[in-house]
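Data block below; observations after.
The values are calculated or read from the model by the stated rules, or taken from the named source; none is laboratory data. The shown structure was predicted, so the numbers you read here are calculated from the model rather than taken from an experiment. Every residue, glycine as well, gets a Cβ built from its backbone with ideal geometry; the counts of neighbours run over all protein chains shown. SASA here: full protein model, heavy atoms, side chains in, ligands and nucleic acids out. Shrake-Rupley method; radii C 1.70, N 1.55, O 1.52, S 1.80 Å.
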Amino acid sequence: NWVDDNQPYSFVNAIQSLAPHLCIICLTINDWANDTAEATYKAQMQTIIDACAVNSDILLVVGVPSNTGTAPVDRQKAFAGYVRELATTNDLPVLDLSERWVSQSLMPSRGLYYDGLHPSNVGYADVGFLIAQVVGNPGHFFG
C-alpha cells in the first residue's frame, strides 16, 4: 500500500509535499508474514526510497523478529538480506533490529514484546535508542 499512488493521501504522492529531513523506512514484517515475492518487495521498496530521496536522508530498518508462526526464521533472514542489498545499492545506512533482538522467543522474557509480534513500551524505547544512535543523538531520548 505504501507505493500505491492512486490514492489522494498515498505515501508516494505526499512525501514530497511533506519534505521531511529524514525518512526511516521499516517495512519488513508484513512482507515476510505475507511472503511477498523478492522482486516485488525490492521494486516497491525502491519506489519508496526514490520518493524519499528527493528531499530526505534515509535510514533503512529491518524490523524486530516475528514469532515463527508469523514467518519462518529463514524467510525473516531473507528479507533482512533484501534490505541490506537495497542499502548497499542506494548507499544508505541500515539498522537490523532482528540482529539486535536475535529471536522473538527470547525477547518476551526481557519485556520487549507485549504480544507475539509487537514491541512493548520498553521494546519501543530500545528501538528508539538504536535509531538515535544511528542518526547521532542518543542523549535526546534519555535526557
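Structural remarks
- Shape category assigned to region 55-125 from the gyration tensor of Cα positions, a/c cut at 1.5: oblate
- Placing a pseudo-label 7 Å from each Cα along the Cα-to-Cβ vector at Ala19 and Val54 gives an inter-label distance of 1.1 nm.
- Of all accessible heavy-atom area on the chain, the percent that carbon and sulfur account for (1.4 Å): 52
- Total formal charge among the other residues, if their Cβ is under 12 angstrom from that of Arg84, Lys/Arg +1 and Asp/Glu -1: -1
- Between Asp57 and Leu22, Cys23, the built amide H atoms are under 5 Å apart, and every one of these is 5 or more places off in sequence or on another chain.
- Extension gain, Val135 back to Tyr9 (0.36 nm per residue minus Cα-Cα distance, nm): 42.6 nm
- Estimated inter-spin distance, Thr40 and Glu99, nm [label 7 Å along Cα→Cβ]: 2.8
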